[in-house]
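Written below as structure tokens is the structure these notes are about.
Read-outs throughout are calculated quantities, based only on the coordinates presented, and are distinct from any laboratory measurement. Predicted model only: the values in this text are computed from it and were never measured. Glycine also receives a Cβ, built like all others from the backbone with ideal geometry; neighbour counts cover every protein chain displayed.
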Amino acid sequence: MKHERKSKRKGKTCDVKGCNKKKKASVPGGKVTKNTDLKVDPSSAAGNAYLCKKHYKEYKKATKEERKMRRLSWD
């Protein structure tokens, strides 16, 4: 029997203003506001921001170069 992880924010929607889609990922709120043009709720900007699939993809594209540089520095 498979158990699901219990989330404090079960059923939470995307934290981007004007979006009511289901959350897909949790990312640092400060990075979202710093690296993208997404308008995140102020309460989420201090902690983690929950993003839907569309906005998570946008966030990943915006931070692609930063993540690439971080991986290269592992050598």
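Over 21 Å apart at the Cα level, from the set Lys31/Lys60; Lys17/Lys64; Lys34/Lys54; Lys23/Lys57; Lys34/Lys57, are Lys17/Lys64. Couplings 3J(HN,Hα) of the range 26-32, computed from phi: 10, 10, x, x, x, 5, 5 Hz, in residue order, whole Hz [Karplus 6.51 cos²θ - 1.76 cosθ + 1.60, θ = phi - 60°; x for Gly and Pro]. Note that the range 42-47 has calculated 3J(HN,Hα) couplings of x, 5, 8, 5, 6, x Hz, one per residue in order, obtained from phi through the Karplus relation 6.51 cos²θ - 1.76 cosθ + 1.60 (θ = phi - 60°); glycine and proline are x. Cα extents for the range 11-66 along the principal axes, largest to smallest and rounded to whole angstrom: 31, 21, 16.
Highest mean packing comes first when the peptides 43-55, 27-39 are listed by Cβ atoms within 10 Å, giving 43-55, 27-39.
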